Ligand code: ADP
């Protein structure tokens, strides 16, 4: 048994992606924040407007009105104090203060009402903004050209936008509005002080500056600590997944790894905890220093006010109001600092989201006016060349093939020879860099790829196991009637699979949910075949759907597909040559090139690669 004291190897943790902003954060100076802020506020307001114009206007409008009532209330306070501090018997002074008092009460009531309205509008905005941002993200991820998913840069950006950026949309908006609100509060107070006596304005600054410093400092400490902790956090999260995930649950038990994993978790968690405790201490110190200095500042303010009073520069009532105003200004300022820091931090992540969106938009297929064909009499590829992004070698080199309506065509060749890539190009999933693909006279580059894809059905080797019901796994959300569903399932042999499910077609094919069922690889494959048939498209592409099965099963399936193709054009892709004997035409691919083409008999006579491989495989199966 391993020594529990032995230090654990926690491995290298990649910093790059997760610390993309550390450098930026490290230099979060006050001015940097201030400079970026207006743009962020504009972006946030624009997003709030997109989510709900009414709530956006209400949130900002109510806050503005709140600021106005604050100022009004403070000014009315001067009236109250002036009346109370004047000479004469008390009942008379109170009576004189009454009108101002009513104004103060009214202002306070209205301010409370507007604040409630603003709070309501803001909390309504949050879920709406989140929804708009998420829908924008997933609307784009599902529309960008498939090739984007082969680009590591796209993946990085997507990961950043998805894991953090999109979730920040709501808080960017609320931080922006909070910052605006606090700013309005400060302006109101400053206005009041300016009206009361100009010298009171610098006093406000003196009273609020130390707090502002402490707030910025403590926030920066938190950010830098959080950033330093990101790799540890990720590691902890990954171990947590292993401890609590279905896929690893069996092995955690069979290899009795529990203790080991928990120990690893604890090592990271303890390190993290130490750092967090240190942070708490440093933040407390900063806050204490800030508050002490703030106290000194406030003391100085009162001293200055006292002097002003003594020399008769301001009346007592004005000084009293100034004290109240400065207190209110301090609160607004600390709110502003908090909201600003938050806005800046959230803004960094949110910018990831915006950057991703604009990148994804540039990857959307262009508008194409030519209507897509609904069928074809001949699909042809001429001199098609295609290289995956980031690859040195082309996956296809000047490949030409032809597919006529009603034919059964086969692409054969060894793994990696380019069969799948070619099929994806023919069905409009990728666009070739050289050569052209036409559906009759139409160049696929000129038609909307999404519309073109309506005419193709693909049964792929790595088909998705959709966590949906059996029915949706075949219909893919379309409704072509029970008849169609049943016949597609029958042809694929999926009917037998479904008959055994507890709720038939309504069974959820995902064990992570209650009443969900699990299918075997072979059963899933039948569902995938049924899906291809149900689509009822003029071109059916079967891309090694049986790779996980043996040669005999593949042969049987291809035969079934051929028999039930019902006049459809079928493209079979495989590296098992016995399955395609009866195809109308066979293309042999080798290292991205078509090296031979013809019927089985013709290719056997040529005595080339096909004949070689066929003989080799036939011997192996014998
Ligand atoms: P086949 O279907 O004949 O097995 P593919 O068309 O899948 O072959 O692959 C052709 C070549 O392109 C292979 O060298 C493969 O490594 C490469 N390739 C396939 N998919 C990608 C991808 N998404 N990104 C980069 N290279 C790829």
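Details
- Residue list for the range 491-509, restricted to those being within 30 Å of the chain's Cα centre (by Cα) and farther than 16 Å from residue 477 by Cβ: 507
- Condition check for residue 412: within 16 Å of the ligand (Cβ to nearest atom), touching a helix residue (DSSP H, G or I) at 6+ places or on another chain (Cβ under 8 Å) and modelled with pLDDT under 95: yes
- Scanning the range 362-373 for residues that are in contact with a helix residue (DSSP H, G or I) (Cβ under 9 Å, 6 or more places away or on another chain) and either assigned to a loop (DSSP other than H, G, I, E, B) or farther than 19 Å from residue 145 by Cα (or both) returns 363, 364, 365, 368, 369, 371, 372, 373.
- Considering 459, 498, 527, the condition of being under 29 Å from residue 374 (Cβ atoms) and in a helix (DSSP H, G or I) is satisfied by 527 alone.
- Consider the range 258-268 and keep the residues that are surrounded by 15 or more Cβ atoms within 10 Å (Cβ to Cβ) and in contact with a helix residue (DSSP H, G or I) (Cβ under 7 Å, 6 or more places away or on another chain). The one that is nearest to residue 225 (Cα to Cα) is 268.
- Of the candidates 381, 372, the single residue that is at pLDDT 90 or above and either under 29 Å from residue 590 (Cβ atoms) or surrounded by 15 or more Cβ atoms within 10 Å (Cβ to Cβ) (or both) is 381.
- Look at (1) buried (at least 20 other Cβ atoms within 10 Å of the Cβ); (2) on the phi > 0 side of the Ramachandran plot; (3) more than 46 Å from the chain's Cα centre (by Cα) and you find that residue 603 fails only one, number (2).
- In the range 198-208, the residues that are in contact with a helix residue (DSSP H, G or I) (Cβ under 8 Å, 6 or more places away or on another chain) and over 16 Å from residue 303 (Cβ atoms): 201, 208
- Among the numbered conditions (1) part of a helix (DSSP H, G or I); (2) within 25 Å of residue 561 (Cβ to Cβ), the only one that residue 437 does not meet is (1).
- Any hit, the range 343-356, residues being part of a helix (DSSP H, G or I) and more than 21 Å from residue 174 (Cα to Cα): yes
- Among the conditions (1) within 16 Å of the ligand (Cβ to nearest atom); (2) farther than 19 Å from residue 541 by Cα; (3) part of a strand (DSSP E or B), the only one that residue 393 does not satisfy is (3).
A quick yes/no check of all residues on (1) touching a residue at least 12 places away in the same chain (Cβ under 8 Å); (2) within 16 Å of the ligand (Cβ to nearest atom):
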| residue | (1), (2) |
| --- | --- |
| 506 | yes, no |
| 510 | yes, no |
| 531 | yes, no |
| 544 | yes, yes |
| 556 | no, no |
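- Unmet criterion (only one of (1) free of Cβ contacts under 8 Å to residues at least 24 places away in the same chain; (2) more than 16 Å from the ligand (Cβ to nearest atom); (3) over 23 Å from the mean Cα position of the chain (by Cα)) for residue 335: (1)
- Candidates 68, 58, filtered to the one that is within 32 Å of the chain's Cα centre (by Cα), at pLDDT 90 or above and surrounded by 14 or more Cβ atoms within 10 Å (Cβ to Cβ): 58
- With respect to the conditions (1) closer than 26 Å to residue 600 by Cβ; (2) surrounded by fewer than 23 Cβ atoms within 10 Å (Cβ to Cβ); (3) away from the ligand (no atom under 12 Å from the Cβ), residue 433 lacks only one, and its number is (1).
- When the range 558-586 is filtered for residues that are within 16 Å of the ligand (Cβ to nearest atom), modelled with pLDDT of 90 or more and either in a loop (DSSP other than H, G, I, E, B) or under 24 Å from residue 490 (Cα atoms) (or both), the ones remaining, listed by number, are 571, 572, 573.
- Looking only at the range 418-428, and only at residues there that are under 30 Å from the mean Cα position of the chain (by Cα) and away from the ligand (no atom under 11 Å from the Cβ), the one that is farthest from residue 461 (Cα to Cα): 428
- Contacts under 9 angstrom Cβ, first residue in the range 370-393 being free of Cβ contacts under 8 Å to residues at least 40 places away in the same chain, partner away from the ligand (no atom under 16 Å from the Cβ) and not in a strand (DSSP E or B), 6 or more apart: none
- Residue within the range 400-409 that is over 25 Å from residue 563 (Cβ atoms) and either assigned to a loop (DSSP other than H, G, I, E, B) or more than 16 Å from the ligand (Cβ to nearest atom) (or both) present: yes
The values are calculated or read from the model by the stated rules, or taken from the named source; none is laboratory data. Quick caveat: nothing in here was measured; it's all calculated off a predicted structure. Because the Cβ atoms are built from the backbone with ideal geometry, glycine has one as well, and the counts that use them run over all protein chains shown.
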